[in-house]
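S.K.: The structure's right below; bear with me while I get my questions together.
A short reminder: the numbers here are calculations on the coordinates, not readings from a lab. Quick caveat, the model's predicted, so the values are computed rather than measured. When we count neighbours, we look across all protein chains shown, and the Cβ atoms used for this are built from the backbone with ideal geometry, even at glycine.
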Amino acid sequence: MDKYKMIFSGSGGQGVITAGIILAEAAVLHEDLFAVQSQSYGPEARGGSTRSDVIISSSAINYPKVMNPSLLVCLTQESYTKYSHLIIPGGTIITDTRFVSPGKISDAIIKELALYDNVMEKIGNPIVLNMCMLGAVLQLTQIIKEASLFKVVEARMPKKFIDMNKEAIKLGMELVAK
């Protein structure tokens, strides 16, 4: 692996920034990889546009901003409209079927997953939507091991939410594996 460039996008409150931080931290602390995570969000906090850039690499990373991702996650229609043109030819876009109706992008693979609906049906709490999305990313990219991600979740999450977050990660992985 040289560099894997990703953008997670959605709206404030969906946890895309937290997901990016957890993924980058897992890569650095438990996989001996280089990683950077940067973020941008609107001044509205909840409900405003949110973006988390993650680069994971086996070598040093010189620039933390993702210009042309190989993977793009869009959890809202607004984020799809805003960022879908950035995907590299042959790159992958993950969308949530409840909130995004993707248009055809030539040379991009679009994975439409019912993330929100499955989280609500199987877990019952939308707060772990970001972890379900992260599980889908993990299954799709195989960029790090599931155990590495779980270690960071165990270290960062309040104890009473650890199992729910792990369940959401596994759910996201299952959605892609189907």
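S.K.: Could you pull out every one of the aspartates and glutamates with an alpha carbon less than 15 Å from that of Lys166, ignoring same-chain neighbours closer than 8 positions?
M.R.: The reachable aspartates and glutamates, counting only those whose Cα sits under 15 Å from Lys166, are Glu146, Glu154, Glu174.
S.K.: How do Asp32, Asp53, Asp163 rank when sorted from fewest to most other Cβ atoms within 10 Å of their own Cβ?
M.R.: Asp32, Asp163, Asp53
S.K.: Tell me which aspartates and glutamates have Cα within less than 13 Å of Lys104's Cα, excluding those fewer than 8 residues away on the same chain?
M.R.: Glu112
S.K.: Another one. Cα-Cα over 29 Å: which of Lys3/Lys159; Lys5/Lys151; Lys111/Lys159?
M.R.: Distance filter (> 29 Å) returns Lys3/Lys159; Lys111/Lys159.
S.K.: Per the helix-only calculation at 222 nm, which mean residue ellipticity applies to the chain, given -39500 (n - 2.57) for every DSSP H run of n ≥ 4 and division by its residues, nearest 500 deg cm²/dmol?
M.R.: Taking each H run of at least 4 residues, the total per residue is -12500 deg cm²/dmol.
S.K.: Using the membrane-span-like helix rule (whole DSSP H runs, Cα extent along the own axis of at least 20 Å, mean Kyte-Doolittle hydropathy at least 0.5), which helices of the chain qualify?
M.R.: 16-31
S.K.: Would you order Thr97, Thr50 from fewest to most other beta-carbon atoms within 10 Å of each residue's own beta-carbon?
M.R.: Thr97, Thr50
S.K.: So in the chain, what percent of DSSP beta bridges are antiparallel if you round to the nearest 5?
M.R.: Of those bridges, close to 55 percent are antiparallel.
S.K.: Then there is this: If I take every Cα pair under 8 Å that is 6 or more residues apart in the chain, average their sequence separation and divide by the length, what percent do I get for the relative contact order?
M.R.: 21 percent
S.K.: Kindly put Lys178, Lys82 in sequence by how many other C-beta atoms sit within 10 Å of each C-beta, fewest to most.
M.R.: Lys178, Lys82
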